[in-house]
Amino acid sequence: RIPLGNVLRTPRRTLLTSLGIGAAIATLVGVLGLLDSFFATIDANDREVLAEHPDRVVVGLDGLTPADGTALLAIADAESVGAVEPVLRVGGRLRRADGADGGADGDDGFEVLIEALDLDNEVWTPGVVEGDLHADGIVISRVAADDLGVGAGDTVVLVHPAITAAGFVLREDEVAVAAVNASPYRFGVYVDSSLLAAFGA
C-alpha cells in the first residue's frame, strides 16, 4: 500500500517500480510457460514410448550383436526380464525425394535415429495415427512428416549405413512412408526387421 501522496510526488520512481514488477512477472510467466511446454513434450513422448508397458526398459549394447548372441541371451535369462525384443539402432538422414525444400533444414533434410525391429513383437511397436504399420516402408513421426511436407504413401530418401564386404558405407534409398506415428520428436524412424537386407544385416 503506497500513500497516494508519495505516488504523485515521485511519479518517475513509481513508474520504474511498476515496470520492474511487470518485467519480473513477465519473466516468471515466460519461464514457467517454457518449462510447461518442455515437460509436456517429454510426457507425450513417454506416453508414446511406454504405451501399455510402463515397466519397459531399453538396454543399449556397445556394438552390433547377433540376435541369438550371448549378450542378448544373458539379458533374456535374467529373472527380472519378462521379454526381450532386439532392435538395431543406427543414425541416418531423412529428406524429401523430389529435392524440394525439406523444411527449415533445406534440401539436406535432417538427422534421424533409425530403429529396425519386428513390428509384430509383443514388447512395443510405434503407435500409428496415419497409414499402415505393416505396409512396406518406414514409420516416421508427425513432426517429421510435417517438416518434410509428406504423409503416408509418399516417398522420401533415407540415408543410412550399410554393411558391405569392405566395411560400412552410407547408402541412399528411396523408401515409402508406410505410417506416421504420434511421437513429438522428429528424429525417430522405424523400419521392420524384415527389411534389414537394405542395411546388409
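Note down the magnitude of the dipole of the range 24-179 about its Cα centre, charges +1 on Lys and Arg C-beta and -1 on Asp and Glu C-beta and zero elsewhere, to the nearest 20 debye.
The dipole of the range 24-179 has a size of about 340 debye.
Multiplying the sequence separation of residue 53 and residue 88 by 0.36 nm and subtracting their Cα-Cα distance, what value in nm do you get? Numbers along the way, then the final one.
On the way: separation 35, 0.36 × 35 = 12.60 nm, distance 2.02 nm.
This chain segment gains 10.6 nm when fully extended.
If you stretched the chain out fully between residue 25 and residue 9, how much longer would it get, using 0.36 nm times the residue separation minus the C-alpha to C-alpha distance? It would help to have the intermediate numbers written out before the result.
Details: separation 16, 0.36 × 16 = 5.76 nm, distance 2.57 nm.
Full extension of this stretch gives 3.2 nm more.
Would you mind telling me the share, in percent, of accessible area of the range 46-196 contributed by carbon and sulfur at probe 1.4 angstrom?
Numbers: 4220 of 8380 Å².
Answer for the range 46-196: carbon and sulfur cover 50 percent of the accessible area.
I need the semi-axes of the equivalent ellipsoid of the chain: take the C-alpha gyration tensor, multiply each eigenvalue by 5, square-root it, list largest first in whole angstrom.
Values: eigenvalues 454, 112, 48 Å².
Over the Cα atoms of the chain, the ellipsoid semi-axes are 48, 24, 15 Å.
Tell me what the chain gives for mean residue ellipticity at 222 nm when only DSSP H runs of n ≥ 4 count, each as -39,500 (n - 2.57), the sum divided by the residue total, rounded to 500 deg cm²/dmol.
Values: 4 runs with 61 residues, N = 201.
-10000 deg cm²/dmol, from helical runs alone.
Give the longest segment of the chain that steers clear of GluC sites (Glu not before Pro) in DSSP loops with at most 15 neighbouring Cβ atoms within 10 Å, not counting the sites themselves.
Details: sites that count: 52, 79, 122.
Longest gap between qualifying sites, sites excluded: 123-201.
Using the heavy atoms of the protein chains alone and a 1.4 angstrom probe, what is the accessible area of the range 105-150 per residue in square angstrom? It would help to have the intermediate numbers written out before the result.
Values: 2040 Å² over 46 residues.
On a per-residue basis, the range 105-150 sits at 44 Å².
Percent relative contact order of the chain, based on C-alpha pairs within less than 8 angstrom and at least six residues apart? Before the final figure, lay out each step's value.
Working: 300 pairs, mean separation 42.2, N = 201.
Dividing the mean separation by the residue count of the chain yields 21 percent.
Place a +1 charge on the Cβ of each Lys and Arg in the range 1-62 and a -1 charge on the Cβ of each Asp and Glu, then give the dipole magnitude about the Cα centre in debye, rounded to the nearest 20. Please report the intermediate quantities before stating the final value.
Details: 6 positive and 7 negative charges, 227 e Å.
With Lys and Arg at +1 and Asp and Glu at -1, about 1100 debye.
How much length is gained if the chain between residue 115 and residue 173 is pulled fully straight, taking 0.36 nm per residue apart and subtracting their Cα-Cα distance, in nm to one decimal?
On the way: separation 58, 0.36 × 58 = 20.88 nm, distance 1.57 nm.
Full-extension gain reported as 19.3 nm.
Using only the Cα atoms of the range 90-201, each taken as one equal point scatterer with no solvent, compute I(q) by the Debye sum, divide by I(0), and report log10 of the ratio at q = 0.12, 0.19, 0.22 Å⁻¹.
So the normalised log intensities work out to -0.37, -0.93, -1.23.
Taking +1 at the Cβ of each Lys and Arg and -1 at the Cβ of each Asp and Glu, which of 131, 87, 8 sits farthest along the dipole of the chain towards its positive end, judged by Cα position relative to the Cα centre?
Looking along the dipole axis, the top candidate is 8.
Quick one: accessible area per residue over the range 1-72, 1.4 Å probe, rounded to a whole number of Å²? Write out the running numbers ahead of the final one.
On the way: 6090 Å² over 72 residues.
I get 85 Å² per residue for this part.
The values are calculated or read from the model by the stated rules, or taken from the named source; none is laboratory data. None of the values given here were measured: they were computed from a predicted structure. Reconstructed Cβ throughout: ideal geometry from the backbone, glycine too, with neighbour counts over all protein chains shown. When the accessible area is computed, the model is the full protein with side chains, heavy atoms only, and any ligands, DNA or RNA have been set aside. Shrake-Rupley method; radii C 1.70, N 1.55, O 1.52, S 1.80 Å.
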